[in-house]
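Encoded as structure tokens, the structure appears first; notes follow it.
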């Protein structure tokens, strides 16, 4: 893990990594020349060298996984190429105006010759009569310039470019019908094609479930297909802490693993079962995992259960810690970038937390009533899981579901029954009367679960949001958990002192952060498509200027504005529509908003402006702005036409005027 992290944040060449690895390996070999007594006395050095050598291996794997280091990567072969041969690696996803798919670059056309190239790109194909029939494996010649994938740059917002980079995707392209040629032959992987077809077959089977909301949850629960999920319902699941139910995870594989073991119980007396059982279990688990997309969380569970199945077949008691470590090692060797996947982080912290703390938490209380005791045991699992997952949740999602214990007690057992009913529907899908009846039961079960989740989500204190936690605070929370655990379970008094010191450190950082937020002053021009969205932040209050629909539209506010408010602990203040050529003075800095043409002939003396924000696509010329204002920096927001911004940028370069293009460079933030 150390090598992966070092190579990711401090990238080195493969030759440098190889030299360092060679030095460590050579030193280890030289240890063999020492006497046994010397090797024993210096064993700590030998152990350190082994760890450093493994670190270099991790760095080398990370280097090889990064496609930018591949000589055949499209940027290294032909960054300005126009004709590319690409292959769709997934079925099309339907958007409002386009079809979207990830495509693999096969080659680039140069002087009528196809030169091999590699890389993945995201294609947005304009809807027409032909594009909707494109499927997995379709090959296209495309004639367009690849565009880098960019994030909005809004403070605290989701970094889409970083998310794609972790999947080795750095480019995108928008295609009109005249910009591509479809080749008659498809290039497909037999297994992948079968998995896609199986997924579509299962989705068709789930049409037996009545109700659009219910059907969307059924698809997500069985195979992780989330495109039909109601957005508000999905947010309710997230707010109540049970989103793992509709995100394929270890819970689903645990249910399937348990069912497979149950099916083999009648055949235990046969010797062949000892060999056949693990093979069948592993094959079914891997096929199910691949069919659902092969995300890090489910692949972790798949590898772990596979190791467990092999261990049981060999009649060996496996340590859950060894299983976890083995599965993590295998996955990170396969793809080191899984380390930054939120699902990967939550999956391992949840399982580790349950393994370490569940028994101790369960022992807190004991009930003679078996039903109540069973409910408490289920609650103890949820409580234990929260100990190590809470820091990750707070860091990434900035909220905590306060009623997670109640929702899990209801939703987890119910979702398990629903999943088993969906599995039962598959063999009876051809028998329509029985299939309809099972589908009706599934629909009613999901309806009940949705109603419970939505009612709990409607409770005012169901979720605590707008929580901003830094990376340092996150690590300190883990240190606090470790110290407190050692003190409670290891009976180490010194660990209590460390826990108190860590708690004081977290409190101190929070106090410093709160004080700095009270002093903050900045202007922000947000990157919102075709919208004016500017905020002047003073202390913990924000004055919004622009299209107020950005604030009233919940989805736009949550995606573009709320992350910044959470990051800076800001409360929404007044909201003003953008008036004609508005001017503000904040902390001695003059901010001008230009959305109308200027009449320079009426200006007798230049006006000082620290920032000029050009918005609303006005008919303006840079020379006219400079004739009226003595300006230090000019900002073009997302409501201006790109062709006009390009012209303005050239004019700014000619007179050495600083500029910032929001649609091209992301949101603009200036400290006042």
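The values are calculated or read from the model by the stated rules, or taken from the named source; none is laboratory data. Since the structure is predicted, the reported quantities are computational estimates derived from the model, not experimental observations. In this analysis, Cβ positions are derived from the backbone assuming ideal geometry, glycine residues included, and neighbour counts consider all displayed protein chains.
In the set (1) at negative phi; (2) out of contact with any strand residue (DSSP E or B) (no Cβ under 9 Å at 6 or more places or on another chain), residue 402 fails one condition alone, (2).
Being assigned to a helix (DSSP H, G or I) and either surrounded by 13 or more Cβ atoms within 10 Å (Cβ to Cβ) or outside the structural domain of residue 61 (by TED's automatic domain parsing) (or both) is the filter here; which residues of region 26-44 pass it?
Residues satisfying the conditions are 27, 28, 31, 39.
Of the listed requirements (1) on the phi > 0 side of the Ramachandran plot; (2) surrounded by 20 or more Cβ atoms within 10 Å (Cβ to Cβ), residue 408 misses just one: (1). Scanning region 200-229 for residues that are more than 16 Å from residue 448 (Cβ to Cβ) and surrounded by fewer than 17 Cβ atoms within 10 Å (Cβ to Cβ) yields 200, 201, 204, 207, 212, 226, 227, 228. Within region 202-242, the set of residues being in a helix (DSSP H, G or I) and in contact with a strand residue (DSSP E or B) (Cβ under 9 Å, 6 or more places away or on another chain) comprises 238, 239. Can we say residue 332 is assigned to a helix (DSSP H, G or I), over 24 Å from the mean Cα position of the chain (by Cα) and more than 25 Å from residue 483 (Cα to Cα)? When the stated conditions are applied, residue 332 does not pass them. Each residue in region 637-672 was checked for being in contact with a helix residue (DSSP H, G or I) (Cβ under 8 Å, 6 or more places away or on another chain), closer than 14 Å to residue 523 by Cα and part of a strand (DSSP E or B), and 1 of them qualify. The set of residues in region 366-401 being in contact (Cβ under 8 Å) with a residue 24 or more places away in the chain, over 15 Å from residue 353 (Cβ atoms) and part of a helix (DSSP H, G or I) consists of 375, 378, 395, 396, 397. Taken over region 295-318, the criterion of being more than 20 Å from residue 340 (Cα to Cα), under 30 Å from the mean Cα position of the chain (by Cα) and at pLDDT below 75 is satisfied by 308 alone.
Looking at 115, 111 in this structure, which one is touching a helix residue (DSSP H, G or I) at 6+ places or on another chain (Cβ under 7 Å), farther than 20 Å from residue 149 by Cα and assigned by TED's automatic domain parsing to the domain that holds residue 148? Step by step, each of 115, 111 is checked, and only 115 is touching a helix residue (DSSP H, G or I) at 6+ places or on another chain (Cβ under 7 Å), farther than 20 Å from residue 149 by Cα and assigned by TED's automatic domain parsing to the domain that holds residue 148. Across region 252-292, the qualifying residues are those that are under 30 Å from residue 462 (Cβ atoms) and buried (at least 19 other Cβ atoms within 10 Å of the Cβ), and the one among them that is modelled with the highest pLDDT is 253. Counting the residues of region 632-665 that are touching a residue at least 24 places away in the same chain (Cβ under 8 Å) and either at positive phi or more than 33 Å from the chain's Cα centre (by Cα) (or both) gives 10. Taken residue by residue, region 402-414 has no member that is part of a helix (DSSP H, G or I), out of contact with any helix residue (DSSP H, G or I) (no Cβ under 8 Å at 6 or more places or on another chain) and at pLDDT below 90.
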